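Here's the structure, in structure tokens; my notes come after.
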Amino acid sequence: LTDLEMSRDDLLLALHKQPNQSPTEKNTLSHYFSEVEDLTKDLGKQLWVIIQRTLMSVRREPTLICTALRIIEREERMDLAWSKKYDQTGFMPPGRPKHWRDKCFEVLQQSIAARIEGSQLETRDQNKMWLVRHLEITRQLMIDDLKVVKTLLPPVFPRDYDVVKRYTKMYHRALAAHLEEMIHHELEGNEIVSLLQWVGTYDSPELMRHPELNIDVKELGPLLESNLITYLRNQLDMPGLVAQHAPHSWSHLACLQVANIIGQDLVKKVLELFAEELKRFAQEYRVELQAFDERHQADRHIPQYFVHYMIANANNCLAFGEYMKELRKRYVKNEYEDEAEVDEDGEEGIRRDPFQQLTDRFLVLAKYCCDVILEEVFRDLQENKCLNELFTRAWMSHSNGVETIIATWDDYHKDFLHLKPTMFEILLSRGQDRIVVEYVKALLSRKLSFKNYEERKISAEKICAEAEQMKLQFQEMSPKLDVSKFDVLPAMAEGLKLKDSSMLSLEIMGFAQKYPDIRMEQLVNFILCRGDISRSDARQLALDTLGEDDPNVTKPKGIFTEIAMSG
């Protein structure tokens, strides 16, 4: 195509230089090379398709983007060369200058705008929480996209494109335009609050200051112009709008500003009303979350992004709790701290603080969201039958259930990374506890009867190997996580692997000292797992180890307590 263009352009230039130009010759040349322009347009279309899919292509076929950019840069050089010739000859070939580099940036900008708009999956008519969902999906999308931009695009794009800085500005510009468009579509009271809160987190670790991005937004300019923010705040201050759209909680927040001017006593009264309102809201929120989960359990395809919703709810609950602390600190000052000091029992002082109670209440809600998310993981594992097969003949001979468990966690882990760090650690901790419980319960259920010592040994070694695999998996997901709960599995494996039954009482004694919360019946079943001890001997051994149950002695809590409570 380049050769064809050069031939055409050289001939047209030569014709242009002739003193007496012949229109017939020019028309003949133009007609002869007419398909060259069509080819150029077709090439351009193909290039823009590749550039439009940059974020996808760079992961799969980075060389394709390199090739497209080389063509674009070659055309830029040709534009420059012909611009210089034009100054000397006054001739510019058809279709020049192409400005393909500018077009490349334009296509990238359009593709970003399309991604942001595409993340709005619902309207207000379909879901009252449409904006909260849209903003959360947009946040996650931006983090994922900008990670790719920061890590994968620089080796592919020419250095003078400064692609990370340019792409970030494009994203910022597209997002600002999208938010402005939404504002002009008349947001309602709660939606305005949600939008302003989201904009407030833009320059924070939740988005642009994310540890893997750490983007300085000062160079990008404001996300919302000051006149737009003023407009939104004025909308919120309109009493009619607040009364019509906002729950009582937001009305109390508006009252706080006035109360703060009048005096601290009134501030305290308004805060107490606000706390009472939020307590009621937290109760209703829990009911709604449970109903949402029940609807999903009835049909796991609805809604499509159930886990994402629950992650957003967990994060929001944690944020709400943190906001209670901030509100208490901002308006109440040392009010409750003084009360706690006067009280002889410091605990009582804390309990009387409604804001601490609300913080705890929302943390409980956040943990409930984590439990619901965990249920999703374990439903998948149950459907794959990898938990049901534990300690069966199938598991002993060929089962690769542990690979399924690890692959499932790895798949969900990509979504879990969007949880706030506190909730991420809680979810992983509870997840590993649940896996250990499932393993120990399966072992104690004695589904597998060993025919000989060799089978016991093989199973014991398999238990140790699988425990180590899962331990490594959770350590990779969170290096800070305490994964010692998995140690109970190799400890139980030692009891199975012991060949000399005369040494068993010593082994069992050591195990019971390490796990003092084990119940009598659990220990009996553990001993019976070996298959070479009678029930009466197993019970006697357990009795010798633990002694008679004393109802007045409270057992410590641990893995076996969890198993007893889970049934």
Given Lys457/Lys514; Lys279/Lys367; Lys385/Lys447, the pairs whose alpha carbons are separated by over 19 Å: Lys457/Lys514
Mean Cα-pair separation over length for the chain, i.e. relative contact order, pairs under 8 Å, 6 or more apart, %: 8
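Could you compute the net charge surrounding Leu179? Neighbours are other residues with a C-beta less than 13 Å from the C-beta of Leu179; K and R count +1, D and E count -1. Please report the intermediate quantities before stating the final value.
On the way: positive: Arg139, Arg173; negative: Glu117, Glu180, Glu181, Glu191, Glu225.
Result for the local shell: -3.
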Under the Karplus curve 6.51 cos²θ - 1.76 cosθ + 1.60, θ = phi - 60°, whole-Hz ³J(HN,Hα) for region 476-486, x wherever Gly or Pro sits: 5, 5, 8, x, 7, 5, 7, 9, 5, 4, 5
Using distinct alpha-carbon pairs, which all enter the 1/r mean, Kirkwood radius of region 26-149 in Å: 17.6
Chain lengthening between Met396 and Asp411 when straightened (0.36 nm per residue, less Cα-Cα): 2.8 nm
Reachable lysines, given that their alpha-carbon falls under 21 Å from the alpha-carbon of Lys150 and they are not under 8 places away in the same chain: Lys165, Lys169, Lys218, Lys414
Dimensionless Rg ratio for the chain, taking C-alpha atoms and the 2.2 N^0.38 Å reference: 1.38
Approximate spin-label separation Ala465-Lys26, in nm, with each point projected 7 Å along Cα-to-Cβ: 8.2
Amide hydrogen neighbours beyond the local backbone of Asp353, cut-off 5 Å, H modeled: none
Length added when fully stretched, Glu326-Ala291, from 0.36 nm per residue minus Cα-Cα: 9.6 nm
Low-density loop positions, GluC sites (Glu not before Pro), region 69-144 - DSSP coil, at most 15 other Cβ in 10 Å: Glu122
Region 450-567, relative contact order [Cα under 8 Å, separation at least 6], %: 26
Accessible heavy-atom area order of Val164, Val36, highest first, probe of 1.4 Å: Val164, Val36
Nearest-0.05 FRET efficiency for Lys128 and Ala564, computed from C-beta distance (R0 60 Å): 0.90
Alpha-carbon Debye profile of region 517-567, log10 I(q)/I(0) at 0.14, 0.22, 0.23, 0.25 Å⁻¹: -0.38, -0.84, -0.89, -0.99
Accessible area per residue in Å² at 1.4 Å probe, computed on the chain: 54
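List the chymotrypsin sites (Phe, Trp or Tyr not before Pro) in region 1-49 that DSSP assigns to loop (not H, G, I, E or B) and whose Cβ has at most 13 other Cβ atoms within 10 Å. Which are they? Walk me through the numbers on the way to the answer.
On the way: sites: Tyr32, Phe33, Trp48; in loops: Phe33.
Passing both the DSSP loop test and the Cβ count: no residue.
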0 to 90° range, to nearest 10: angle between helix 264-298 axis and the chain longest Cα axis: 90
With all protein chains modelled, accessible area of Tyr323 [1.4 Å, Å²]: 70
Accessible carbon and sulfur surface of the chain relative to its total accessible area, %, 1.4 Å: 52
Taking region 110-213 and dividing mean pair separation by its residue count, relative contact order in percent (alpha carbons under 8 Å, at least six apart): 35
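The values are calculated or read from the model by the stated rules, or taken from the named source; none is laboratory data. Here the structure is a predicted model, which is why all the values come from computation and not from measurement. Positions of Cβ are generated from backbone atoms using ideal geometry, with glycine treated the same way; all protein chains shown enter the neighbour counts. Note: areas computed on protein heavy atoms with side chains; ligands, DNA, RNA excluded. Shrake-Rupley method; radii C 1.70, N 1.55, O 1.52, S 1.80 Å.
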